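Reviewing the structure listed below.
Each value in this text was obtained by applying a stated rule to the coordinates, not by laboratory testing. Predicted, not measured: the structure shown is a model, and the values here were computed from it. For neighbour counting, all protein chains shown are included, and Cβ atoms are generated from backbone atoms with ideal geometry for every residue, glycine included.
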Amino acid sequence: MITKNNITGIILSGGKSSRMGTDKGFISLNGKPFTQHVIDALSPLVFEIIIVSNHADYDIFNQRRIEDAIPDSGPLAGIYSGLKASKTVFNLVLSCDIPLIKPEALQLLIDNASEDIDIIQVESYGKTMPLVALYKTSCAETLINLLNEDERRLRYAVNQCRVKTITLNDQLADCVININTLEELNQLKMTITIKYFGQIAEATQIHEETIEHDKSTIYELIKSLTLKYPALQQKEFKVAQNKTLVSNETLLTGEEIALLPPFAGG
């Protein structure tokens, strides 16, 4: 059995995604950047986490960051760079745009490791995903040879190695979904905790609840809450997101929303 002391987590950063319009690694879901969601899934399983990025902004995650050995050469070069820097035999390689990732899916890759396989990748909804995969560090030699031949196709490179594919069951299939556009981001249901204080709690008759939602702004969330609790329509209140007062136009990014009376003791 492979222990975490022999596994490195390698995260490929988002870069300036043309479809998303911004660096995907820093987009927030449930109050955490995509990259942090990936880190949280990897942490119980690995000895070390490496972020492959040329941008120092990623240092905020307090993980080892390395730069691409071959700049502007796509994910194939990113994987090679991570494998070259790895100190372990096995490496969980993930893109940063899978914020729903679960440790259970990664554990399946580890459980299927064997001496005669170089790469174990997942398959979800009929699509193989070489950026949710377990790579042996020895794959680096094959990858650099291909890069030196100006080959940049990741799937082609994977197929030059001994590869095994693990199909995820229905319970795990969604956790490896890539989020590439704002439309895809908006389709995700987020979990949020809402706290009610003073006369607002009297109107809702509860002090706290956790809900799933697909709202984008404070305004949309409050509109749904007033439909759920009609008594709120007669109340004035302020809204705080992660303990900071916000306006109706504010985008929802936090894990905690508080509805507060307009004045102390209200």
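Each Lys and Arg contributes +1 and each Asp and Glu -1, all at the Cβ; summed about the Cα centre of the chain, the dipole is approximately 200 debye. So for the chain, taking the charge dipole from beta-carbon charges (+1 Lys/Arg, -1 Asp/Glu), which of ALA85, GLY9, LEU185 sits furthest toward the positive end? Highest projection toward the positive end goes to LEU185. Remark: the ASP150-ASN242 segment gains 28.4 nm on full extension, using 0.36 nm per residue and subtracting the alpha carbon distance. Considering only SER81, SER28, SER138, the Gaussian network model of the chain with Cα springs below 10 Å gives its largest mean-square fluctuation to SER138.
The H on the amide N of LYS164, modeled in the peptide plane, is under 5 Å from the matching H of ILE119, ILE120, GLN121, each at least 5 residues off or on a different chain.
Can you give the local net charge around GLU115? Use residues other than it whose beta-carbon is closer than 13 angstrom to its beta-carbon, Lys and Arg +1, Asp and Glu -1. Could you put the intermediate results ahead of the total?
On the way: positive: LYS136, ARG162, LYS164; negative: ASP116, ASP118.
Its environment carries a net charge of +1.
Of the residues VAL246, VAL46, VAL163, which exhibits the maximal mean-square fluctuation in a Gaussian network model of the chain defined by a 10 Å Cα contact cut-off? Top of the fluctuation ranking is VAL246. In this structure, the residue pairs whose Cα-Cα separation is over 32 Å, taken from LYS4/LYS164; LYS24/LYS127; LYS4/LYS195; LYS24/LYS243, are LYS4/LYS195.
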